[in-house]
Each structure stands twice: as structure tokens, then as C-alpha cells.
Amino acid sequence: MRAVLVVNPQATSTTAAGRDVIAHALASELKLDVVETQYWGHASATARAAVEDGVDLVIAHGGDGTVNEVVTACSRPPNSAIGRCRRWAWYPAARRTCSPELSACPGIPSRPRTG
């Protein structure tokens, strides 16, 4: 399975060491590319490019802005020019980095599945 980890290195709690641990763990199970965002909108552009390239999973690692960009890019209507991500996920930069409203969005379970 191919995946892209979209990392915002400017997120308050994001560290290079933390990113490397996450990337190493994911790479043991996935064919992983890691992209560090460089500017506002870069996470969206990366997610759209991943969809166009047929990537199976797009993972956002950062705060609300990074997650918002990835989710928005991955939630396009299926008949749009870029289609949709097959799967997306987020790995918060810190335990409390994402606003509680995010998990109240339609389609996001209040109790994540495990296993």
C-alpha cells in the first residue's frame, strides 16, 4: 500500500525526531513518502497530487490547519477532476493539537477503530 505522510514542521508540537519515529513505524508497513509543508496550501496540493497519483492513504501530521487542508483535498466529490483519496488519516502533532470540533465532523467516528 502506498502512502504519503504530510508533515507541518511549523506545528507547535511537531519535531523532527517525532516525525522520524512516525515515519519509520509507517514505513515498516507501507511504501511511504514524507512531505514537509513549505507554505500555506502545500498540504492541500500534496494531498491532491497524491490522489492524482493513485496513492492509497494520505496521512496528515500537524495541527488543525494541516488536517483541514488534507481532509478538504481528500473529500472532493467522486466525479471531480481529481477524485477522492481512497483513505486518509491524521496523526496529531500533540495530544490536544486538534480542536474538538474536528472529531464532530460527519463521517469521523467518536471512537476510532483499532486493529
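The values are calculated or read from the model by the stated rules, or taken from the named source; none is laboratory data. In this text, all values refer to a predicted model and were calculated from it rather than measured experimentally. Note that each Cβ is placed from the backbone with ideal geometry, even for glycine, and that neighbours are counted across all protein chains shown. Protein only, heavy atoms only, side chains kept; ligands, DNA and RNA dropped before computing areas. Shrake-Rupley method; radii C 1.70, N 1.55, O 1.52, S 1.80 Å.
Can you find a residue that is open to solvent by less than 70 Å² (accessible area, probe 1.4 Å) and free of Cβ contacts under 8 Å to residues at least 24 places away in the same chain anywhere in the stretch 28-38? No, that holds for no residue. In this structure, Ser13 does not satisfy being farther than 12 Å from Tyr91 by Cβ, open to solvent by 20 Å² or more (accessible area, probe 1.4 Å) and either of a type in the set (S, T, N, Q) or in contact with a Phe, Trp or Tyr (Cβ under 8 Å, 6 or more places away or on another chain) (or both). Set side by side, the residues Ala43, Ala73 differ, and just one is among the small types (Gly, Ala, Ser) and at pLDDT 85 or above, which is Ala43. Taken together, the residues in the stretch 51-71 that are over 10 Å from Leu5 (Cβ atoms) and open to solvent by less than 60 Å² (accessible area, probe 1.4 Å) amount to 12. With respect to the stated conditions, Ser110 is open to solvent by 60 Å² or more (accessible area, probe 1.4 Å) and at pLDDT below 90.
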